[in-house]
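Since the structure comes first, as structure tokens, the remarks are kept for the end.
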Amino acid sequence: MAEFVHPPTDFNAITRKSLEENERSHLSPHATLSGDSLGRLYPEEEHSFRTAFQRDRDRLIHSTAFRRLEYKTQVFVNREGDYYRTRLTHTLEVVQISRSIARALALNEDLAEAMALAHDMGHTPFGHTVEEVLDELMADENGFEHNAQGLRCVDLLEAPYAGFSGLNLTYEVRSIFTKKRPMADLRRLGYASPESEKFDGGPSKPIMEAQVVDLADSVAYNSHDIDDGIKSGLLDPESLCETDVWRRIWESSLGQDPGIRRRTAIRQLINRQVTDIVEASYERMKQIDDQPGRSPSTGDYPALGRIERIIDFRPEMRKQETELKRLLHKNLYRHPQVTRKMDKACTMIRSLFNYYLEHPEQMTTSYRKRAGDEPLKRVVCDYIAGMTDRFAEGEYVSLFLPDSLRMNH
Ligand code: MG
């Protein structure tokens, strides 16, 4: 039998070094380059064919906290129906929008992707209302906040390595949680990792890719909450027509099949917002480039005065977006059917919190072990924040319901 011969090739294998060179020669001067990373808490040898940010993206995908996003609520409680977004599908939508914006602006797409994958890892089960409950329960321990919790998660609670806690991500990917908040603020919020203070002197403003992910997050949740809200029957699309952007979109698809009309409108809403972000941000980046004294690395932009963000909507779209958010709060998030479920979730979380404080031995081994190292309240808070909706419900049922009722659960 003839031996198989590989055809001759004239391409080279892709290495980390060639990827880093590509970034340096092809990305915008505003992009964050993987070859210039400030590094990791614990130094590691670089990978041969993945950049530091690609490696972080892969670590996040393989983490426990990422898998749990599948069973955490976005707005609609996880078991209500298969149509609705969960925190996992929300995260994937944020990844998609972030990558589109980053690519169009020649920013670092790998970094934006990794940040988007991580951005909601500190969220509690059952969404924002439970975050408020945990904040209140932790009042004498400096409170609870999902970004600080995200950092605890990737620096401390994830434990895949023998030599240290956490995923040992780069400074840049971690900055999706710290934003521009000084470490002192994070310490107040119960975030305690002396090693991470090594990065205290990073850029004074959020790096570009973090700005991209923050905006992509808003675009994703506004549009998918409208989609889920209409689909569930709780949100009347006409009630959003007070905003010009939605009214124009909604009216332009009049007469279509309701399902197609909804999807067409959501698609257009995302596209208009993303296009607005890309165009407006590109204009701002050019303005900076044309001025002397620019300093993208520190976030100081003398040409534009004291502005916080380069990646942003145009002022008109920003106004529309704020208005849409207000209407969503009024008409969907405070809908009695939504708040009723959230109230139930809050009762469950309060009961679980008080129970584990009294019975720390009922937590899983890794948390029981940590109880000696940190205040018990913080450990209980970590344990509950890491739960999925269904795990929290299962624990509640098993701890508080009589066996005869548990049979039917
Ligand atoms: Mg989010």
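Considering only Cα atoms, the convex hull volume of region 34-137 works out to 144 Å³ per residue. Charge dipole of the chain (Cα centre as origin; +1 on each Lys and Arg Cβ, -1 on each Asp and Glu Cβ, all else neutral): 600 debye, rounded to the nearest 20. Given +1 at the Cβ of Lys and Arg, -1 at the Cβ of Asp and Glu and no other charges, the dipole of region 1-143 around its Cα centre is 340 debye to the nearest 20. The spread of Cα positions in the chain, taken along each principal axis and listed from longest to shortest, comes to 70, 70, 61 Å.
Under a Gaussian network description of the chain, with springs only between Cα atoms under 10 Å, the residue in 61, 277, 266 that fluctuates furthest is 61.
Of 17, 377, which has the most accessible area with a 1.4 Å probe, and how do the rest follow in descending order? Walk me through the intermediate numbers first.
Working: 17 120, 377 45 Å².
Result, largest first: 17, 377.
Helical runs assigned H by DSSP (4 residues or longer) give the chain a calculated mean residue ellipticity at 222 nm of -17000 deg cm²/dmol, each run adding -39500 (n - 2.57) before division by the residue total. To the nearest 10 square angstrom, what accessible area does residue 368 show with a 1.4 Å probe? Here the accessible area works out near 100 Å². Subtracting the Cα-Cα distance of residue 364 and residue 64 from their residue separation scaled by 0.36 nm leaves 106.5 nm. In the elastic network of the chain, a GNM with C-alpha springs shorter than 10 Å, the most mobile of 163, 386, 150 is 163.
Tell me the carbon and sulfur percent of the accessible area for region 232-279, rounded to whole percent, probe radius 1.4 Å.
Working: 1200 of 2450 Å².
Solvent-exposed carbon and sulfur of region 232-279 make up 49 percent of the total.
The values are calculated or read from the model by the stated rules, or taken from the named source; none is laboratory data. Owing to the predicted nature of the structure, the values given are computational and were not obtained by experimental measurement. In this analysis, Cβ positions are derived from the backbone assuming ideal geometry, glycine residues included, and neighbour counts consider all displayed protein chains. Note: areas computed on protein heavy atoms with side chains; ligands, DNA, RNA excluded. Shrake-Rupley method; radii C 1.70, N 1.55, O 1.52, S 1.80 Å.
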